[in-house]
Amino acid sequence: MKNCLIVIDVQESFRQRPYFTADDLPAYLAAQNALIEGCVAQGIPVVRVFHSEGPADASNAFAIESGHVRALDGLAAFDAAATFTKSRHSALVGTGLDVWLTRHGIQRLIVSGIRTEQCCETTTRHASDLGWEVDYVVDATLTWDMVQPDGRTLPAADIKARTATVLAGRFATLRTVDEALAAAAAAG
């Protein structure tokens, strides 16, 4: 089974957001980088996806003009098999990624990146609905605390646990970095 690693929205734009904290960043980058390096070592294509939306103005961190729509500092350097820029939550909407995956005979996606509950989860659900098998690598995703409608804080760890719960067995197989790499190697 042919695999492909998707690295979603791992970009400097997030450092510009008021909710950004570096608390979980070292552990996330260690996992993300190990996943990238392991896939590269196995010859698995690694696809990079950036997010760009909103006014095309340098003051908008998610606009190309800001200079922040680039790899997050600390992310392992890699030669992307392809790079796509999206303006929606799913990396499969309006980017051509689905066409690229089909043309390259990809059957299983390994999903990683930022934010756990937004673009990573949405891409996972979408890919599953389109027929791809998906390995969701929870430790290679990153998110931050959010404020709930009642004003209480929802911790990032709880968001990750909720995302894993709703994806497991329905839309994806949950994997650690080591498990994803082992599964990819076994699928050869």
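Once the dipole of region 3-187 is set up with Lys and Arg at +1 and Asp and Glu at -1 on Cβ about the Cα centre, which of PHE20, ALA183, ALA58 lies farthest towards its positive end?
Farthest towards the positive pole: ALA183.
Given points 7 Å out from each Cα along the Cα-Cβ axis, report the THR83 to ASP158 separation in nanometres with one decimal.
About 3.8 nm, to one decimal.
Distance between the C-alpha centers of region 148-183 and region 81-134? Whole Å please.
The distance from the Cα centre of region 148-183 to that of region 81-134 comes to 17 Å.
At 0.36 nm per residue, minus the direct Cα-Cα distance, what do ASP73 and GLU53 gain on full extension? Give it in nm, one decimal, please.
5.1 nm
Taking the Cα centre of the chain as the origin, how large is its charge dipole in debye, to the nearest 20, when only Lys and Arg (+1) and Asp and Glu (-1) carry charge on their Cβ atoms?
In debye, rounded to 20, the chain gives about 400.
What translational diffusion coefficient, in µm²/s and rounded to a whole number, does the Stokes-Einstein relation yield for region 3-187 at 10 °C and a viscosity of 1.306 mPa s, taking the hydrodynamic radius as the Kirkwood radius over Cα pairs?
My calculation gives 96 µm²/s for D.
Where a number appears in this text, it was derived from the coordinates with a stated rule and is not lab data. Computed from a predicted model, the values in this text were never measured in an experiment. Cβ sites come from the backbone with ideal geometry, for glycine too, and all protein chains shown count toward neighbours.
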